[in-house]
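**Q** First the structure, then my questions, so here it is.
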Amino acid sequence: MIVTAAHPQAVPDASAHAEPAGPAAKPLQIMPLPSHAEQQQGSFGIDGNFAIAFEGYNEPRLARAGERMLTVLARETGIPLDRHSSAGKPSFFIHTTGPSEHVQRLGEDESYRLEITAAAVHLTAPNPLGILHGMQTFLQLGTISPQGFTVPAVIVDDHPRFPWRGLMIDVSRHFQPIEVIKRNLDGMEAVKLNVFHWHLSDNQGFRVESPKYPGLQQKGSAGLYYSQAEVREVIAYARDRGIRVVPEFDMPGHATAWFVAYPELASASGPYAIETRWGVFDPAMDPTRQATYTFIDSLIGEMAALFPDAYFHIGGDECNGKQWDASPAIQSFMHEHAIANNAALQAYFTRRVQQIVARHGKTMEGWDEVLNPGTPQDVVIQSWRGAQSLADAARGGYRGLLSAGYYIDLGLPAADHYAPDPLGGDAARLTPEQQARILGGEATMWSEFTTPENIDSRIWPRTAAIAERLWSPQSVTDVQSMYDRLAVVSHKLEYYGLQHRTSYTAMLGRMTGGADITALRVLGDVVEPVKGYTRGSLKNYDSATPLNRLVDAVPPESDVARRFRILVDHITAGSATAEEWRQAREWLTLWHDNDPELQPQLAQSELTQELIPLSASLSRVAADGLTALDLLAARKSPAPEWQRSELSFLKASEAPQGVLLNMIAPSVHRLLDKLQQPG
């Protein structure tokens, strides 16, 4: 229930209802961890009488946020929470001091204070942005207990470490419908990300309606694009959640989709076709012709009016310059204007585009390559090359963002994304003034191997670890704590409508034709997609290749394999408990015995036949693990011939099979390495 209070009510003294829980209290089971929290004794109960009251400044966005909070809470608890009844007494008081900006801007105050006692909840913030964040903290704190659904008593004073905390979604290589974008915006709100970077054009498609240049969507999108009305709908949806929307239109490279309809923009004559494969391609805009800038000026003017945010991303990455090298006219232009090389020519292009962007009231943003001598100081540099590149930009007077280390499309573990810090490495040696130029960072979801069905699992829950790195104090670095809390948040994200867990089960069902998926899931739970950009070298893919196999269904990180690796750490270190030994044996037995059950099923489906060797390999890997445990427990050494043979087998098992990695093999390899040879 939501109630609007005409006058603020006094905030009761929290100490009247709760006492400090003491220094031994474990971290709150939320992500990101707040900047300051004092855990108290007791808890606040949630039942059908739960009601919200708004005090102080109010606006419709706050009421909608309250309704969303009740919706998520009702999904999690199963308790019907009436949004419209005027009966009952409020127990959740929200006080907002004043409005936020009409168009959300970088650096607005996002702080909040949340006080939870056994009797009531009080959330206060200078503006609606802090209220939105405080609501998410409250939702994450909720849990089931012997007393029902409760929220622990706590006092939270919180604010973000960085003002720019983003998620980029590429919709060019594989188009993502509006409903996919919206549910991922809901996930962003849950973990306090505040910038949605919408990568809207590339070689594989131009994805926004342009009434001025209709050929862009008519010929450059294969019919998959957003109308301007849909774009405005997404922008409004994001603003309701405290999220800015920054568009990216890539130029001068990564622009083949532009040239399909307007080949005169390119540095070589056409015709051009939408690319169906991935990589860096030769076509690039002609930076020497005034007509190119006239077109860009008109298009940016149109898009700047559509997207209200102050920042406008022009890409600028991976232009290989081959068309420029092959063009006599461009080479003549470079000679006449004393432009020494392609980097200088791109710098010339960047300066002219920056002037256009500024003329339309925006601040230009671009990838590392836009930073060259003479690049205007107000350009924001997004670094994919690394922390050193970002630090160098800050020394040069440029503001910047870190994306290196946050490329979630690479399929790396959450721990790998948790470690990089925008102010780590060389940036730690910057002056305070230079460090202030580092605005934060962005997770990047390039979409070569994503579909609307599996994209959530490629973004979540790992992006929550990046969100914590960008929000929480720099001292928050405990990896095991991160994984413990990530599991909790991953479960809660389902109540927001995200499909990062449910899509896995559905895709396994397709592969088995509706048969029992248990055995296939045993295999799927311990494998991962190959890492980095190796997938394209192992099998031929294009934009029409179905992404419906096990490599597309399994999460990027196997939680079971990670936990087994921890068991092996303890066993090889001699610190494992009896329960850990038992768990290791139980898992290895499960994996060993699974193959006879799974093999007949794999042969029945074209989608799973490629997994036959992988399943057999897992069974043998598990057998080696069981033998190693027996020998370690008995303090015996293996036969040298057996150990040499199986170590060779295990090494081979770590190589990709079916474009997948057996994540158990490295751990079993370590068990065999631990065995002592006789003599």
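**Q** Taking the stated definitions as given, is G400 small (G, A, S), over 25 Å from D286 (Cβ atoms), buried (at least 18 other Cβ atoms within 10 Å of the Cβ) and in contact with a strand residue (DSSP E or B) (Cβ under 6 Å, 6 or more places away or on another chain)? Show your work before the answer.
**A** Working: small (G, A, S): yes; over 25 Å from D286 (Cβ atoms): yes; buried (at least 18 other Cβ atoms within 10 Å of the Cβ): yes; in contact with a strand residue (DSSP E or B) (Cβ under 6 Å, 6 or more places away or on another chain): yes.
Taking the combined requirement at face value, the residue satisfies it.
**Q** Considering only residues of the range 403-425 that are open to solvent by less than 20 Å² (accessible area, probe 1.4 Å) and in a helix (DSSP H, G or I), which is nearest to Q474 (Cα to Cα)?
**A** Y418
**Q** Right, next: Any chance the range 583-601 includes a residue that's not β-branched (V, I, T) and not in a helix (DSSP H, G or I)?
**A** To start, the set of residues in the range 583-601 that are not β-branched (V, I, T) comprises 583-588, 590-601.
Those left that are additionally not in a helix (DSSP H, G or I): none.
No, every residue in the range 583-601 fails to be not β-branched (V, I, T) and not in a helix (DSSP H, G or I).
**Q** So which residues in the range 281-292 are within 34 Å of the chain's Cα centre (by Cα) and more than 12 Å from W324 (Cβ to Cβ), if there are any at all?
**A** Passing the criteria: only F281.
**Q** Restricting to the range 435-447, give me the number of residues that are crowded, with 18+ Cβ neighbours inside 10 Å, over 16 Å from G187 (Cα atoms) and either in contact with a helix residue (DSSP H, G or I) (Cβ under 7 Å, 6 or more places away or on another chain) or of a type in the set (G, A, S) (or both). Working first, answer last.
**A** As a first pass, look at the range 435-447 and keep what is crowded, with 18+ Cβ neighbours inside 10 Å: 437-447.
From what's left, over 16 Å from G187 (Cα atoms): 437-441, 446-447.
Going one step further and asking which of them are either in contact with a helix residue (DSSP H, G or I) (Cβ under 7 Å, 6 or more places away or on another chain) or of a type in the set (G, A, S) (or both), we end up with 437-438, 440-441, 446-447.
Selection size over the range 435-447: 6.
**Q** Let me ask something additional. Name every residue in the range 563-579 that is in a helix (DSSP H, G or I) and either in contact with an Asp or Glu (Cβ under 8 Å, 6 or more places away or on another chain) or open to solvent by 20 Å² or more (accessible area, probe 1.4 Å) (or both), in order of residue number. Lay out the reasoning, then the answer.
**A** Applying the first criterion (in a helix (DSSP H, G or I)) to the range 563-579 yields 563-573, 578-579.
Matches in the range 563-579: R563, R565, I566, L567, D569, H570, I571, T572, A573, A578, E579.
**Q** Going by the structure shown, is Q346 part of a helix (DSSP H, G or I) and within 18 Å of I296 (Cα to Cα)? Please lay out each step first, then the result.
**A** Numbers: part of a helix (DSSP H, G or I): yes; within 18 Å of I296 (Cα to Cα): yes.
Criteria met by Q346.
**Q** List every residue pair whose Cβ atoms sit under 9 Å apart, with the two residues 6 or more apart in sequence or on different chains, where the first one lies in the range 376-400 and is under 24 Å from W198 (Cβ atoms) and at pLDDT below 95 and the second, anywhere, is part of a loop (DSSP other than H, G, I, E, B) and basic (K, R).
**A** Final answer for the pair search is D378/R399.
**Q** Of the residues G98, G107, G134, only one is in contact with a Phe, Trp or Tyr (Cβ under 6 Å, 6 or more places away or on another chain) and more than 25 Å from S490 (Cβ to Cβ); which?
**A** So the residue among G98, G107, G134 that is in contact with a Phe, Trp or Tyr (Cβ under 6 Å, 6 or more places away or on another chain) and more than 25 Å from S490 (Cβ to Cβ) is G98.
**Q** Could you grab me the full set of residues in the range 296-343 that are hydrophobic (A, V, I, L, M, F, W, C), part of a loop (DSSP other than H, G, I, E, B) and in contact with a Phe, Trp or Tyr (Cβ under 7 Å, 6 or more places away or on another chain)?
**A** Selection gives I339 alone.
**Q** Which one is farthest from W384 (Cα to Cα) among residues in the range 395-419 that are under 15 Å from the mean Cα position of the chain (by Cα) and aromatic (F, W, Y)?
**A** It comes out as Y418.
**Q** Moving to a separate point now. Could you list all residues from the range 182-201 that are in a loop (DSSP other than H, G, I, E, B) and open to solvent by 10 Å² or more (accessible area, probe 1.4 Å)?
**A** Matches in the range 182-201: none.
**Q** Scan the range 301-336 for residues that are of a type in the set (A, V, I, L, M, F, W, C), open to solvent by less than 20 Å² (accessible area, probe 1.4 Å) and touching a His at 6+ places or on another chain (Cβ under 9 Å) and report the count.
**A** Of the range 301-336, the ones of a type in the set (A, V, I, L, M, F, W, C) are 303-307, 310, 312, 314, 319, 324, 326, 329-330, 333-334.
Filter once more, keeping what is open to solvent by less than 20 Å² (accessible area, probe 1.4 Å): 303-304, 306-307, 312, 314, 324, 330, 334.
Narrowing further to those that are touching a His at 6+ places or on another chain (Cβ under 9 Å): 303-304, 312.
Total satisfying the criteria: 3.
**Q** Answer with yes or no whether G315 is on the phi > 0 side of the Ramachandran plot, within 26 Å of the chain's Cα centre (by Cα) and at pLDDT below 95. If you could, list the steps in order and put the result at the bottom.
**A** Values: on the phi > 0 side of the Ramachandran plot: yes; within 26 Å of the chain's Cα centre (by Cα): yes; at pLDDT below 95: no.
Considered against the rule, which asks whether it is on the phi > 0 side of the Ramachandran plot, within 26 Å of the chain's Cα centre (by Cα) and at pLDDT below 95, G315 comes out as no.
**Q** Also, quick follow-up: Please state which of the following conditions L661 fails to meet, knowing it meets all the rest: (1) of a type outside the set (S, T, Y); (2) more than 36 Å from the chain's Cα centre (by Cα); (3) open to solvent by less than 60 Å² (accessible area, probe 1.4 Å).
**A** The failed condition is (2).
**Q** Same structure again: Going by the conditions given, is R352 of a type in the set (K, R), open to solvent by 10 Å² or more (accessible area, probe 1.4 Å) and either at pLDDT 95 or above or outside any loop (DSSP other than H, G, I, E, B) (or both)? Break it down stepwise before answering.
**A** Details: of a type in the set (K, R): yes; open to solvent by 10 Å² or more (accessible area, probe 1.4 Å): yes; either at pLDDT 95 or above or outside any loop (DSSP other than H, G, I, E, B) (or both): yes.
The answer is yes for R352.
**Q** When only residues in the range 152-181 that are more than 23 Å from L470 (Cβ to Cβ) and in a strand (DSSP E or B) count, which is most open to solvent (accessible area, probe 1.4 Å)?
**A** Filtering the range 152-181 for residues that are more than 23 Å from L470 (Cβ to Cβ) and in a strand (DSSP E or B), the one most open to solvent (accessible area, probe 1.4 Å) comes out as P152.
**Q** Of the residues Y57, Y112, which is open to solvent by 20 Å² or more (accessible area, probe 1.4 Å) and touching a helix residue (DSSP H, G or I) at 6+ places or on another chain (Cβ under 9 Å)? Show your work before the answer.
**A** Working: Y112 fails: open to solvent by 20 Å² or more (accessible area, probe 1.4 Å).
Residue meeting the stated conditions: Y57.
**Q** Follow-up. Helices (runs of 4 or more DSSP H) wholly in the range 202-267 with at least 1 residues that are open to solvent by less than 30 Å² (accessible area, probe 1.4 Å) and among the acidic types (D, E) - which ones? Before you say what the answer is, go through the steps one by one.
**A** On the way: elements: 215-220, 228-240, 256-261.
So the answer is 228-240.
**Q** Of the residues L607, L614, L618, which is open to solvent by less than 40 Å² (accessible area, probe 1.4 Å), under 30 Å from M507 (Cα atoms), in a loop (DSSP other than H, G, I, E, B) and not polar (S, T, N, Q)?
**A** After applying the criteria, what remains is L607.
The values are calculated or read from the model by the stated rules, or taken from the named source; none is laboratory data. Nothing here was measured: the structure is a model prediction, and the numbers come from that model. Quick reminder, even Gly has a Cβ in these numbers, built from the backbone with ideal geometry, and neighbours come from all protein chains shown. Protein only, heavy atoms only, side chains kept; ligands, DNA and RNA dropped before computing areas. Shrake-Rupley method; radii C 1.70, N 1.55, O 1.52, S 1.80 Å.
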